[in-house]
Amino acid sequence: RVSLAQFALSGASVSFRQLGSGTRGTAASSAASLRELSLRVEGLSDEPGRRARVALRTRVGDAGRLEATGSVGLAPMAAQLRVDARAIGLLPARPFVAERLRMDLAAGAVSARGDPARARPAGHAPKVAWKGDLHLADFHALTRSGDELLRWRVLSVEGIDAAVAPLSVTIARIALEDFYSRLIIEPQGRFTLQDLAIAEAPATAGEAGAAAPAPAAPAAAP
């Protein structure tokens, strides 16, 4: 058994740097930082059914703030939290977005308030749930050539009740303010936004051959 009666950290700073590969025209790197970070954990243990109390508070980037409080268990892995995230900038996610979408993030900040939960019952798939609100403000995205693609002042998604395993989503209200989209119909009749997602490259013949089991040798004749 492992147990930790109390752990406390205050006044910490953490910096992250994502070194991009430069594939698919993505940005070479991105950076993010946590400042004035404080973390307190009480009663952490791997004893079955035991829950620890957790409290986290930090500044994210220049203007973002994040607070999370609740309980966490190790056996089984479980968490029940109350999260309040405000004005967390999206620009550190530019390389990840560019790897999957044909667009470049220029601006945006996300705020969320709600109750995420995770549980993994023995012998079952993990259950993840979220109840709360989500706001995406001052969003601006460009095409790979630098043309304006998407822009809005505020996208609010309120009264979210979502869960995975089984999948279910309920939303009470969606509001969008000052929306702009550059929609172009291609000669084939498709909208430009339909082709934003980048398809995963199929496995090469060498990769497929390496993954496939070797054929069985023919049986010797009697």
Please compute the length gained on full extension between residue 182 and residue 67, using 0.36 nm multiplied by the number of residues separating them and subtracting their Cα-Cα distance. 37.8 nm
How much solvent-accessible surface does residue 147 expose, in Å² to the nearest 10, with a 1.4 Å probe and all protein chains in place? 70 Å²
What is the stretch 104-190's relative contact order, in percent, from Cα pairs under 8 angstrom and six or more apart in sequence? 25 percent
Along the Cα→Cβ direction, 7 angstrom out, place labels at residue 8 and residue 93. What is the inter-label distance in nm? 3.4 nm
Burial order of peptide ranges 148-161, 169-182 (average beta-carbon count within 10 Å, highest first): 148-161, 169-182
Relative contact order for the stretch 1-150: what is it in percent, counting Cα pairs under 8 Å that are at least 6 residues apart? 17 percent
Compute the signed sum of charges (Lys and Arg +1, Asp and Glu -1) over the other residues within less than 12 Å, Cβ to Cβ, of residue 155. -2
Cα extents of the stretch 87-194 along the principal axes, largest first, in whole Å, come to 51, 29, 27
May I ask you to work out the translational diffusion coefficient for the stretch 11-144 at 10 °C, viscosity 1.306 mPa s, via Stokes-Einstein with Rh from the Kirkwood sum over Cα pairs, reported in whole µm²/s? 94 µm²/s
Summing +1 per Lys or Arg and -1 per Asp or Glu among the other residues with Cβ less than 15 Å from residue 142's Cβ gives +1
If you rank 13, 38 by how much accessible surface each has, with a 1.4 Å probe, what is the order from largest down? 13, 38
Determine which residues of the stretch 73-94 fall in the zone a paramagnetic label at residue 50 would reach in this model, i.e. backbone nitrogen under 18 Å from the point 7 Å along Cα→Cβ. 73-80
Solvent-accessible surface ranking, highest first, for 77, 103 at 1.4 angstrom: 77, 103
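The values are calculated or read from the model by the stated rules, or taken from the named source; none is laboratory data. Remember, it's a predicted structure, so these values are computed and weren't measured experimentally. Cβ sites come from the backbone with ideal geometry, for glycine too, and all protein chains shown count toward neighbours. In case anyone asks, the SASA skips ligands and DNA or RNA and just uses the protein heavy atoms, side chains included. Shrake-Rupley method; radii C 1.70, N 1.55, O 1.52, S 1.80 Å.
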